[in-house]
Amino acid sequence: RFAAWCIALAEQASEAFSGNGPGAWAHTLAREIDNFRSAIALLEAQGASDAVLQLATALAPLWSALGHQREGLQLLQSTLALVDEQEHPTAVMRARLLAARLATTVDDFPLAITLANAAGREAFHSDDLSAIAEAHCALGNLARGVGDQPSALEHYDTALSIYRERDDRYNAGYVLIQLAKLGDLGT
């Protein structure tokens, strides 16, 4: 029940971050980090890799927005190595997309390229618009990181269009920040 509670809380926070932004959820995630770590350790001890992956992916805001990029990346990498991709293709794709974003953030471009390319192929063949937008963000981040501004701009523009269509203001804001780093707000 404890692990299920942590997963539900993380998913609520993740949903809040996608849309209008974190509000009070940033504080809640920071306050509950030790509980999340305990739940992860409990699930790992039980060999419940799929549940660890679910929790680790739901904790995307904690890893990417609240400064725990390395911890999140390490957890995702170790868990991805244990999860059967055939049984959980969507969960693996989402985890790879998140891991690619985190790897880019910590300047591990070779890992980010591997993850983003694998997850991008899966996302582009799906009907999951949020995964497609996330794949474009990951590929845009990589392109920006290696100095390929035209490719970065193309990926960010596509992601921004999807986020705006879905009224996901938080992620649209994220893309606008990335565009600002390119020196082009796309306006």
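The values are calculated or read from the model by the stated rules, or taken from the named source; none is laboratory data. Everything quoted here is computed from the prediction, not taken from an experiment. The protein model used for the area step is the full one, side chains on, heavy atoms only, and it has no ligands, DNA or RNA in it. Shrake-Rupley method; radii C 1.70, N 1.55, O 1.52, S 1.80 Å.
Assorted remarks:
- Angle between the chain longest axis and helix 33-45 axis [Cα atoms, degrees, rounded to 10]: 70
- Crossing angle, helix 109-124 versus the chain [Cα axis fit, 0-90 degrees, rounded to tens]: 90
- Per-residue ellipticity at 222 nm computed for the chain from its helices equals -24500 deg cm²/dmol, with DSSP H segments shorter than 4 residues left out and the rest contributing -39,500 (n - 2.57).
- Among ALA172, ALA30, ALA116, residue whose mean-square fluctuation peaks in a GNM of the chain (springs only between Cα atoms under 10 Å): ALA30
- The chain: C-alpha gyration tensor shape, a/c 1.5 cut-off, then a/b vs b/c: prolate
- Per residue accessible area in Å² of the chain, where ligands, DNA and RNA are left out and the probe is 1.4 Å: 49
- Karplus 3J(HN,Hα) series, Hz, for region 50-67 with 6.51 cos²θ - 1.76 cosθ + 1.60 (x for Gly, Pro): 5, 6, 4, 4, 4, 5, 4, 6, 5, 7, 3, x, 5, 6, 8, 9, 10, x
- Nearest-ten-degree value, helix 69-80 long axis tilted from longest Cα axis of the chain: 70
- Rounded to the nearest whole Hz, the Karplus-based 3J(HN,Hα) values (6.51 cos²θ - 1.76 cosθ + 1.60, θ = phi - 60°) of region 144-157 follow the sequence 5, x, 9, x, 8, 4, x, 5, 4, 4, 4, 5, 5, 4, with x at glycine and proline.
- Rolling a 1.4 angstrom probe over region 66-187 with all protein chains present gives an accessible area of which 50% lies on carbon and sulfur atoms.
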